[in-house]
């Protein structure tokens, strides 16, 4: 969650007979390439033919050759095509989808990911009902993230990712976007994060991949020195946490909803801010009531679809969460998150059934 994606992109407009877009690829010296998929069958590869000097001036790209004007010369019958998709050629990231308005939910939706793992079950179910979807938006560059949230060209848009909410809340007011959040049990989330770090220890030890983890590389390597299945080992782990691991595990929910910058310290006052901001989110649910949350969301959007099953929580994670409940250092590290999650659980349990 600390890595910023190098790739940047934006679709400026689709007038029917012309689509203008730009893509700055991961490799700053490569010419941008896209693939246009038509009705899921025919693929049309294109290289960028236009140069944007601004990209070179900002240091995003060596030449600025990143822009596309897609016309009927590239895609025969473009004005008559009701369905097409544009992907970045190297990463296969979906950049744009053209669909008839009648097939799309005419709402702008933000799903705030509060876990280190994204809500893939919800994303997979909602994806097909919107003209445009962007996942992992918290990893976008500042410029692209603001552009994505501020964009008003698309009335059918689904965004999902982990954000520092106080920093960006003004960009998704309730009259322009429906915001939603699914809150997780803090002990289960901490267990998930510890396993997440451990599973990336191999990458942290590899000089060729370590950079992908950023500051969390040290934290990932640190977890291999301890046995997560042993309570005594866990207690030693929390006594010796390096700063990046402590930052990653300390009240992450409060940090997300109560601070503006990733490096801000979390104080008691931030918990008050976090609760106030969470109260302004359009739909808030608890992972223990996943089906009720998903049903409410579908009803609000007017979508007729099958409620997905939540992604299963591994037995190892649940067992680790139970061990963490008995570690005093963990209680101290999650005191604000526990208060927030308990308040949400108490509220939803009064109106929703499991």
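The values are calculated or read from the model by the stated rules, or taken from the named source; none is laboratory data. Worth saying up front: this structure is predicted, and the values here are computed from it rather than measured. Note that we place each Cβ from the backbone using ideal geometry, even for glycine, and neighbour counts take in every protein chain shown.
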*Odd one out for residue 164 among (1) surrounded by fewer than 21 Cβ atoms within 10 Å (Cβ to Cβ); (2) within 19 Å of residue 93 (Cβ to Cβ); (3) in contact with a helix residue (DSSP H, G or I) (Cβ under 7 Å, 6 or more places away or on another chain)*: (2)
*Is it fair to say residue 320 is over 24 Å from residue 177 (Cα atoms), in contact with a strand residue (DSSP E or B) (Cβ under 6 Å, 6 or more places away or on another chain) and either touching a residue at least 24 places away in the same chain (Cβ under 8 Å) or not in a helix (DSSP H, G or I) (or both)?*
no
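Could you tell me how many of the residues in region 111-139 are under 16 Å from the mean Cα position of the chain (by Cα) and within 27 Å of residue 68 (Cβ to Cβ)?
Kept after step one, since they are under 16 Å from the mean Cα position of the chain (by Cα), are these residues of region 111-139: 111-127, 132-139.
Pick out the ones that are also within 27 Å of residue 68 (Cβ to Cβ) and you get 123, 127, 132-139.
Residues flagged as under 16 Å from the mean Cα position of the chain (by Cα) and within 27 Å of residue 68 (Cβ to Cβ) within region 111-139 amount to 10.
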*Within region 39-52, can one find any residue that is within 15 Å of residue 94 (Cβ to Cβ), in contact with a strand residue (DSSP E or B) (Cβ under 7 Å, 6 or more places away or on another chain) and in contact (Cβ under 8 Å) with a residue 60 or more places away in the chain?*
no
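Is it true that residue 349 is loosely packed, with under 15 Cβ neighbours inside 10 Å, assigned by TED's automatic domain parsing to the domain that holds residue 231 and touching a strand residue (DSSP E or B) at 6+ places or on another chain (Cβ under 9 Å)? Step through it out loud before you land on a result.
Working: loosely packed, with under 15 Cβ neighbours inside 10 Å: yes; assigned by TED's automatic domain parsing to the domain that holds residue 231: yes; touching a strand residue (DSSP E or B) at 6+ places or on another chain (Cβ under 9 Å): yes.
Against the criterion (loosely packed, with under 15 Cβ neighbours inside 10 Å, assigned by TED's automatic domain parsing to the domain that holds residue 231 and touching a strand residue (DSSP E or B) at 6+ places or on another chain (Cβ under 9 Å)), residue 349 qualifies.
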*Index of the failed condition, residue 127 passing every other in (1) within 15 Å of residue 294 (Cα to Cα); (2) at pLDDT 90 or above; (3) touching a strand residue (DSSP E or B) at 6+ places or on another chain (Cβ under 9 Å)*: (2)
*asked:* Just checking, does region 226-234 include any residue being within 26 Å of residue 312 (Cβ to Cβ), in contact with a helix residue (DSSP H, G or I) (Cβ under 8 Å, 6 or more places away or on another chain), loosely packed, with under 14 Cβ neighbours inside 10 Å and free of Cβ contacts under 8 Å to residues at least 40 places away in the same chain?
replied: yes
*Would you mention how many residues in region 170-207 are closer than 17 Å to residue 274 by Cα and at pLDDT 95 or above?*
8
*asked:* Of all residues being under 28 Å from residue 198 (Cβ atoms) and loosely packed, with under 14 Cβ neighbours inside 10 Å in region 246-284, which is modelled with the highest pLDDT? Just the residue, please.
replied: 246
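To keep it simple, each residue is scored yes or no on (1) within 30 Å of residue 294 (Cα to Cα); (2) touching a strand residue (DSSP E or B) at 6+ places or on another chain (Cβ under 6 Å); (3) part of a helix (DSSP H, G or I).
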residue	(1), (2), (3)
196	yes, no, yes
220	no, no, yes
225	no, no, no
228	no, no, no
237	no, no, yes
247	no, no, yes
256	yes, no, yes
266	no, no, no
273	yes, no, yes
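So how many residues does region 100-142 have that are part of a loop (DSSP other than H, G, I, E, B) and within 18 Å of residue 192 (Cβ to Cβ)? Don't jump to the end; show me each part of the working.
The initial filter retains those residues of region 100-142 that are part of a loop (DSSP other than H, G, I, E, B), namely 100, 104-107, 113-119, 130-131, 136, 140-141.
Adding the requirement that they be within 18 Å of residue 192 (Cβ to Cβ) leaves 113-119, 136.
Qualifying residue count, region 100-142: 8.
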*Kindly list, by first and then second residue, each pair from a residue in region 287-307 that is over 20 Å from residue 156 (Cα atoms) to a residue that is in a helix (DSSP H, G or I), limited to pairs with Cβ atoms under 6 Å and residues at least 6 apart or on different chains.*
289/348; 307/291; 307/294; 307/295
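So that you can scan it fast, the table gives a plain yes or no per residue for (1) within 28 Å of residue 32 (Cβ to Cβ); (2) surrounded by fewer than 15 Cβ atoms within 10 Å (Cβ to Cβ):
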| site | (1), (2) |
| --- | --- |
| 75 | yes, no |
| 98 | yes, no |
| 103 | no, yes |
| 111 | no, no |
| 132 | yes, no |
| 136 | yes, no |
